[in-house]
Amino acid sequence: MDRRTAIKCLGATIPSLFLSKFSLAQAYLGKAPFHPDWRSLENYQVPEWFRDAKFGIWAHWGPQCQPERGDWYARGMYQEGSDQYRYHVEKYGHPSVFGFKDVIHQWKAENWDPEELMELYKNAGAQYFMALANHHDNLDLYRSSHHKWNSVNVGPKKDIVGGWERAAKKRGLKFGVSVHAAHAWTWYEPAQRSDKAGKFAGVPYDGKLTKKDGAGKWWADYDPQELYAQDHELSLDSNDDNMVHRQWHWDVASGVSVPNKMYCENFKARTLELMDNYKPDMVYFDDTVLPLYPISNVGLEIAADFYNKSMQANKGKVNVVINGKILNEQQRKCLVWDIERGQSNTIEPQPWQTCTCIGSWHYDRRIYDNNHYKSAKTVIHMLIDVVSKNGNLLLSVPLRGDGSIDDRAKEVVEGIGSWMVVHKEAIIGTRPWHIFGEGPAQEEAPSLSVQGFNEGKGKAFTGDDIRFTTRGNTLYAFIMGTTTEKQITIKSLGRIAAHTRKVSQIQLLGTDDRISFRQLDNALQVSLPDGFVQNNVSTVLKIT
């Protein structure tokens, strides 16, 4: 299908996409303060709570954690010859017989304790919590009247989002939900395949099953197509497993299979119900810009609805956040830009967020066995660096399939909390200074692609690296490691340096003791007290 034909076909499905700017504005004129178009959404202002929060924890946990075999399991298990395919055949059986719907059936979340986990996260200094509401596997983890495949009906028979919401709000944490299901249409396409070799060669996987195939099965009352959404032609070059990444932007010219109107409207109804019933402060969309954009207007409609309802509930003030990825300059005024597994190399003019994980997004037992989690020190250094650049850190802490946290992941969270209990004054509620820092690490900072993924590619921080945050007349200087010297030199705080003011006193954060210093023309020299033991993560100077 050429581009002109594709657009002609799309016109009947999503006509609002092709309205002129004038007619689009006219269509929504006067109905609400925010309209589903970018010019209207530019009026959005990031709420102060998000700018103050700085640190959130994410439970990126759902049925794909049940096999404990890593990210995108519900796709990888249908890719013949892949690690997850081989693991699946050995553990569960062939995907023509035991598909992902059956993994969902096995997922019981029997050891999930949201109250205990939320207490751990709060003690780590988290100011907000993000719950996975659904993933590309298309299972809603909440009570849904628009989607029978939800965690109240199948699998654990529990309202996962509801449990997280109660635990978070009980402890005063802002509550968020992450929504990933818009891409199920193309993401599940490998489920339409069959083996090319072996005793199951030519036997279709379960991706094309329908409700009539369920007679006598546990899923007899459920239509697999409502989960897999595979009653459609494959995208161009779908057998190339990497093609899904190149078609993620829903660019018709890429040959991506375009979802029909029913799919788009059902996604919208599910998402609006989630937002209406659980009242999140924050919604994270794992999409380029917004869900199904630009082939459908439903993402813009969801955003406008979310903002308008927040205004109605908060006396005309929008008090909620939407995260979007790969945003242009205009879109970064309308949404909060999220950078996946990466960070900016400058102080961004708008508040932003990086999302990362201490291991794999979905639980992978091998990472635990090989002790490959990020350390608390690595996470804290990321947090400091991100906050110094006007950003927030959203940290995913993997949970096992049964909902429990393993001992090594728990140790990382507790390590973050041990540092934060002393130093969070320099993080929570702060703002960037005129510059974010100095030192050798920034001189070799990795470039940032449009989506992210520059994490861990730069030079490691040392005691020669400094990062800054500020609150009122107080400047916080983070020493990003330990030094062998008793004197710390900060070039950016010399008397003749740009933006510098006269320093009147300096304290070591966490103590009441003032320490001696000299503010020279070219540097501030701070003398550490005799016997002082530097924090092996970051010592923080409180400068007035």
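Note on R341 and A201: their simple-model spin labels are 3.5 nm apart, each label 7 Å out from Cα toward Cβ.
Assign one of three labels to the range 193-274, namely rounded, prolate or oblate, based on the Cα gyration tensor with a ≥ b ≥ c the square roots of its eigenvalues; rounded applies when a/c is under 1.5, prolate when it is not and a/b is larger than b/c, and oblate otherwise. Oblate.
Counting only other residues whose beta carbon sits under 15 Å from that of S296, what net charge do I get with K and R as +1, D and E as -1?
It works out to a net charge of -3.
Model label sites at S194 and K459, defined 7 Å from Cα along the beta-carbon direction, differ in position by 5.8 nm. Ranked by the mean number of other Cβ atoms within 10 Å of their residues, highest first, the peptides 63-75, 369-381 fall in the order 63-75, 369-381. Which of the GluC sites (Glu not before Pro) found in the range 278-360 are loop residues per DSSP with 10 or fewer other Cβ atoms within 10 Å of their Cβ? Of the GluC sites (Glu not before Pro), the ones in loops of the range 278-360 whose Cβ has at most 10 other Cβ atoms within 10 Å are E329.
Net length available on complete extension from D402 to N111 is 104.2 nm, with 0.36 nm assigned per residue and the Cα-Cα distance removed. The calculated FRET efficiency for the pair Q525 and E348, based on their C-beta separation and a Förster distance of 41 Å, comes to about 0.85.
The calculated FRET efficiency for S516 paired with T544, based on their beta-carbon distance and R0 = 22 Å, is about 0.95. Each residue of the range 309-320 was assigned a 3J(HN,Hα) from its phi angle through the Karplus expression (A = 6.51, B = -1.76, C = 1.60, θ = phi - 60°), giving 5, 5, 4, 5, 7, 10, 6, x, 10, 7, 10, 10 Hz with x at Gly and Pro.
By definition, a body whose alpha carbon gyration tensor gives a ≥ b ≥ c is prolate when a/c is 1.5 or more and a/b is larger than b/c, and the range 437-543 fits this prolate description. For N239 and K157, the FRET efficiency from 1/(1 + (r/R0)^6), where r spans their Cβ atoms and R0 equals 30 Å, is about 0.25. Structure shown: which of K122/K377; K101/K374; K148/K261; K122/K174; K101/K217 lie over 21 Å apart, alpha-carbon to alpha-carbon? Correct reply: K101/K374.
Using θ = phi - 60° in the Karplus curve 6.51 cos²θ - 1.76 cosθ + 1.60, the 3J(HN,Hα) couplings for the range 395-403 round to 10, 7, 10, x, 10, 5, x, 7, x Hz; x is entered for Gly and Pro. Each Lys or Arg adds one and each Asp or Glu subtracts one; over the other residues with Cβ under 14 Å from the Cβ of Q505, this totals +3. Here the 3J(HN,Hα) profile of the range 480-497, calculated from phi with Karplus coefficients 6.51, -1.76 and 1.60 at θ = phi - 60°, is 7, x, 9, 10, 8, 8, 8, 10, 9, 10, 10, 5, 5, 10, x, 4, 9, 6 Hz, Gly and Pro shown as x. Classified by the C-alpha gyration tensor, the range 187-237 has an oblate form. Its axis ratio a/c, with a ≥ b ≥ c, is 1.5 or above, and a/b does not exceed b/c. Here the extension length gained between S254 and E411 equals 52.1 nm, from 0.36 nm per residue of separation less the Cα-Cα distance. Here's how it looks for T470: its modeled amide H is under 5 Å from those of R431, W433, Y476, which are all 5 or more places away or on a different chain.
Obtain the radius of gyration and the Kirkwood radius of the range 73-135 from its C-alpha atoms and give Rg over Rh.
That ratio is 1.16, to two decimals.
Peptides 352-365, 304-317, ordered by how many other C-beta atoms sit within 10 Å of their residues on average, highest first, read 352-365, 304-317.
Across the range 407-429, the residues whose backbone nitrogen lies under 20 Å from the label position 7 Å along the beta-carbon direction of R471 are 416-429. Among the trypsin sites (Lys or Arg not before Pro) in the range 139-244, those placed in a DSSP loop whose Cβ has at most 12 other Cβ atoms within 10 Å are K157, K196, K199.
Restricting attention to the range 437-543, the count of lysine pairs at 8 or more positions apart or across chains with alpha carbons under 27 Å apart stands at 9.
Inter-label distance, D276 to N308: 1.3 nm, where each label sits 7 Å from its Cα along the C-beta direction. For the chain, the mean projected area of the C-alpha convex hull, equal to one quarter of the hull surface, is 27.4 nm². Extension gain for R431-A220 works out to 70.4 nm (0.36 nm per residue, less the C-alpha to C-alpha distance). Only Lys, Arg, Asp and Glu carry charge here, each on its Cβ (+1 for the first two, -1 for the last two); on that basis the chain has a dipole of about 1240 debye about its Cα centre.
Read-outs throughout are calculated quantities, based only on the coordinates presented, and are distinct from any laboratory measurement. Computed from a predicted model, the values in this text were never measured in an experiment. Using ideal geometry, Cβ is built from the backbone for each residue, glycine included, and neighbour counts are taken over all protein chains shown.
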